Amino acid sequence: MQNLHHLKEEMVDTGVVVIDDIVDTDTVSILRAELEAAIEEDSLVRDSVFDAGMVHNCMLRGEAMCSLIQNKKINDVIDALFTPYAIIYAYQSSSLYPGRGNYGSRIHVDCPRFIPNYITNLGAIIALNDFTQDNGGTYYLPGSHKSESLPDQSFFYENAKQLSCNRGALILFNGRLVHAAGVNRTDTARHALTINYCRPYMRQRFDFPRLISTEQLRQFNDIGKRRIGMDVRMPTSLDEFYLPADKRLYKPGQE
Ligand SMILES: O=C(O)CCC(=O)C(=O)O
């Protein structure tokens, strides 16, 4: 992995880093198969939603996609570049089919709040195919996380760079970085998983601690449980509030 100090500087400066070889090629193939199956299933029940083709809550849709939450390489870099107390805000997918963009192809940021020099959300994209200029590698405006306003379309595309990386790479970006998925001009799909991490005191998009099964939870280690939000649950009674320190639902000291 690249030097952490360099990655931190890059994150502050451009707002994005690419880290190669985070997931091995065999696992990438399994992830892609799980994702394709989930897309197919969703298309049978919800084909006309505004973000059709995007799979939500991927941890519920396949063992490998669930395991990614505990991937040590990913978690180590999140701890270093963001916060060890990060929780998952949303875990979904971004697929580009031949000749098309997707919901992520609009020019956008992944976090509506702007707090100078402070990351509230960190975006992670795990590339399940190589990202190239031809298949819609993500466009981004370097340094745009430092600005409160969003550029207009022509300024964005005149100044944007396009991400390219190999499958298995991890792209991490400040949630305020202005970006847009490209359009896939090849004849094969480009798949990716996207995890948005937020601070532990923020709300998650779904109530993951309740959504996830007890069986799945049992398989998580401490870091997996933390990412799900198990360390920031709210007590529902005084008995829960007064639980001993090691059993507290909302663990102290998290920023
Ligand atoms: O799929 C992509 O290239 C970009 C995904 C995206 O826009 C996002 O995760 O917010």
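The values are calculated or read from the model by the stated rules, or taken from the named source; none is laboratory data. Source: prediction; values computed, not measured. Every residue, glycine as well, gets a Cβ built from its backbone with ideal geometry; the counts of neighbours run over all protein chains shown.
Overview of results
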| item | result |
| --- | --- |
| Single residue of the stretch 75-97 satisfying the filter (crowded, with 20+ Cβ neighbours inside 10 Å and within 15 Å of the ligand (Cβ to nearest atom)) that is farthest from Y197 (Cα to Cα) | L96 |
| Lone qualifier among F220, F241 - being farther than 30 Å from H145 by Cβ, surrounded by 15 or more Cβ atoms within 10 Å (Cβ to Cβ) and among the aromatic types (F, W, Y) | F220 |
| Number of the exception - A192 against (1) more than 12 Å from the ligand (Cβ to nearest atom); (2) touching a strand residue (DSSP E or B) at 6+ places or on another chain (Cβ under 8 Å) | (1) |
| Whichever residue in the stretch 109-149 is within 11 Å of the ligand (Cβ to nearest atom) and aromatic (F, W, Y) and, among such residues, is farthest from A160 (Cα to Cα) | F131 |
| The lone exception for S237 - which of (1) under 23 Å from A90 (Cα atoms); (2) at pLDDT 95 or above it fails | (1) |
| Residues (among the hydroxyl-bearing types (S, T, Y), under 21 Å from R100 (Cβ atoms) and assigned to a helix (DSSP H, G or I)) located in the stretch 24-78 | S43 |
| Per-region count, the stretch 100-122, residues closer than 21 Å to Q153 by Cβ and part of a strand (DSSP E or B) | 1 |
| Residue pairs meeting the criteria (Cβ under 6 Å; at least 6 apart or on separate chains; first on the phi < 0 side of the Ramachandran plot, in the stretch 81-106; second away from the ligand (no atom under 16 Å from the Cβ) and of a type in the set (D, E)) | P98/D187 |
| Complete set of residues in the stretch 171-189 that are part of a strand (DSSP E or B) and within 9 Å of the ligand (Cβ to nearest atom) | I171, F173, H179, A180 |
| Some residue of the stretch 30-39 being acidic (D, E) and either in contact with a His (Cβ under 7 Å, 6 or more places away or on another chain) or under 23 Å from G104 (Cβ atoms) (or both) | yes |
| Long-range neighbours under 7 Å by Cβ, at least six apart or interchain, first residue in contact (Cβ under 8 Å) with a residue 60 or more places away in the chain within the stretch 114-125, second basic (K, R) and in a loop (DSSP other than H, G, I, E, B) | F114/R176; T120/R113; T120/R199 |
| Within the stretch 51-80, considering residues that are free of Cβ contacts under 8 Å to residues at least 60 places away in the same chain and hydrophobic (A, V, I, L, M, F, W, C), the one farthest from I125 (Cα to Cα) | A52 |
